[in-house]
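Enquirer: First the structure, which I've put down as structure tokens, then a few questions once you've had a look.
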Amino acid sequence: MSIAAVMPARLAHTWIDESVKMRETTVGQQCEILAHSTLEYSELGDFSYVGEHCCLADTQVGRFCAIANQVRIGAPNHPMDRASQHRFTYCPEYYHPDAIRASFPPVAPIG
């Protein structure tokens, strides 16, 4: 009898802690996202792991990647050529429910 028949995989399905906040994010198969992390406009590849208190924004994480606790990836670049560097110039959805964020490719590919 094989070990697989006796002991099921520890992480048979994706597990996301209930405290995690996500906005427009896709998560692959058999991933794990630990407590108090935030993922926005990001992709997390199959079998990848995000530690506690992480912030991923505009990030594409590949397969089999491990992100340590308290890591921030993909913080937005503030446009220097505008009258203001405030996020209302590039994240309008924070200020109007009908606003649509401009679609950009992920700026921080990992893995």
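The values are calculated or read from the model by the stated rules, or taken from the named source; none is laboratory data. Every value quoted in this text rests on a predicted model; they were computed, and no experiment measured them. FYI the Cβ positions are ideal-geometry reconstructions off the backbone, even for glycines, and counts take in every protein chain you see.
Enquirer: Could you tell me which of the residues Ile33, Ile16 is over 10 Å from the mean Cα position of the chain (by Cα) and at pLDDT 90 or above?
Expert: Working: Ile33 fails: over 10 Å from the mean Cα position of the chain (by Cα).
Being over 10 Å from the mean Cα position of the chain (by Cα) and at pLDDT 90 or above holds for just one of Ile33, Ile16, which is Ile16.
Enquirer: In region 30-96, which strands (runs of 3 or more DSSP E) lie fully inside it and hold 2 or more residues that are under 17 Å from Ser19 (Cβ atoms) and in contact with a Gly (Cβ under 9 Å, 6 or more places away or on another chain)? Don't jump to the end; show me each part of the working.
Expert: Working: elements: 38-40, 55-57, 59-61.
Once the strands (runs of 3 or more DSSP E) in region 30-96 are filtered for at least 2 residues that are under 17 Å from Ser19 (Cβ atoms) and in contact with a Gly (Cβ under 9 Å, 6 or more places away or on another chain), what remains is 55-57.
Enquirer: Another question, then. Which residues, taken from region 36-48, are modelled with pLDDT of 95 or more, touching an Asp or Glu at 6+ places or on another chain (Cβ under 7 Å) and within 15 Å of Thr25 (Cβ to Cβ)?
Expert: Scanning region 36-48 gives a single hit, Ser37.
Enquirer: While we're here: Cβ-Cβ distance below 9 Å, separation of 6 or more or different chains: which pairs start in region 82-101 with a residue that is farther than 13 Å from Tyr41 by Cβ and end on one that is among the small types (Gly, Ala, Ser) and part of a loop (DSSP other than H, G, I, E, B)?
Expert: Thr89/Ala83; Pro92/Ala99; Pro92/Ala102
Enquirer: Got at least one residue in region 68-78 being under 19 Å from the mean Cα position of the chain (by Cα), closer than 15 Å to Cys31 by Cα and touching a residue at least 40 places away in the same chain (Cβ under 8 Å)?
Expert: Taking every residue of region 68-78 in turn, none turns out to be under 19 Å from the mean Cα position of the chain (by Cα), closer than 15 Å to Cys31 by Cα and touching a residue at least 40 places away in the same chain (Cβ under 8 Å).
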